[in-house]
């Protein structure tokens, strides 16, 4: 797949598999409705034939039709509309900062300062946090599918995780959350 893709358009789509996918992997398990695509920006072939691949994110997509012409999945996709830059007003930014500080604990201050100093704002900041926040894959899928409502969904996911933690639920390592 990597050899084929790198020799042509260089775009790889990723989708979360549903159900007991590990047991049914070679039976092409169902996928969730929205995936994300990236273009190969770095590619190193290893001596054993595997690859190290770095992708640059492009956009979210929905599968229109799966093609079964190769040993790997291919699809015709519909690109999800690119949202205009998400403006986060000062109140929402402060609310997000406070929620992250509560979720992440002591590591949050340095992480927040680093992100904001690098100029991450709006949709880039929200997408970065959604990608790096330590939550289960199904919650990341929910964030991905939220598209234009991703900021509100991020608030909901973090609020839920904090409440779950208060009730003794499965927070990351039983303690404060982390950013990967």
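Every number in this text was worked out from the coordinates using simple rules, so none of it is lab data. Source: prediction; values computed, not measured. No Cβ is skipped: glycine too gets one built from the backbone with ideal geometry, and neighbour counts run over all protein chains shown.
For the chain, what does -39500 (n - 2.57) per DSSP helix run (n ≥ 4), summed and divided by total residues, give at 222 nm, in deg cm²/dmol to the nearest 500?
Computed mean residue ellipticity for the chain: -11500 deg cm²/dmol.
Taking 0.36 nm per residue of sequence separation and subtracting the Cα-Cα distance, how much length would be gained by fully extending the chain between residue 28 and residue 46, in nm to one decimal?
Answer, rounded to one decimal: 3.8 nm.
Provide the gained length on full extension for the span residue 131 to residue 111, in nm with one decimal, where the gain is 0.36 nm per separating residue minus the Cα-Cα distance.
So the chain would gain 5.8 nm between residue 131 and residue 111.
What does the highest-first list of 96-106, 51-61 look like by mean Cβ count within 10 Å?
Highest-to-lowest ranking by the protection proxy: 96-106, 51-61.
Using only the alpha-carbon atoms, how far is helix 122-132 inclined from the longest principal axis of the chain? Give it as 0 to 90 degrees, nearest 10.
The answer is roughly 80 degrees.
Given 25 °C and 0.890 mPa s, compute D for region 2-79 with the Stokes-Einstein relation, Rh being the Kirkwood radius over Cα pairs; round to the nearest whole µm²/s.
Here the translational diffusion coefficient equals 179 µm²/s.
Once both labels are modelled 7 Å past Cα along the beta-carbon direction, what's the residue 98-residue 58 spacing in nm?
For the pair residue 98/residue 58, the computed spacing is 4.1 nm.
By how many degrees, between 0 and 90 and to the nearest 10, does the Cα long axis of helix 150-166 differ from the longest principal axis of the chain?
60 degrees
With springs only between Cα atoms under 10 Å, which of 129, 162, 115 fluctuates most in a Gaussian network model of the chain?
Comparing 129, 162, 115 in the GNM, the peak value goes to 115.
If you line up the Cα atoms of region 90-174 on their principal axes, what length do they span on each, largest first, in Å?
The Cα atoms of region 90-174 stretch 35, 30, 21 Å along the principal axes, largest first.
Could you tell me which label, among (1) 16.8; (2) 17.4; (3) 18.4, carries the value of Kirkwood radius over Cα pairs in Å calculated for this structure?
(3)
With contacts defined as alpha carbon pairs under 8 Å and 6 or more residues apart, what's the relative contact order of the chain in percent?
16 percent
Starting from the 7 Å offset along Cα-to-Cβ, what nm value, one decimal, do you get for the label separation of residue 120 and residue 68?
4.1 nm
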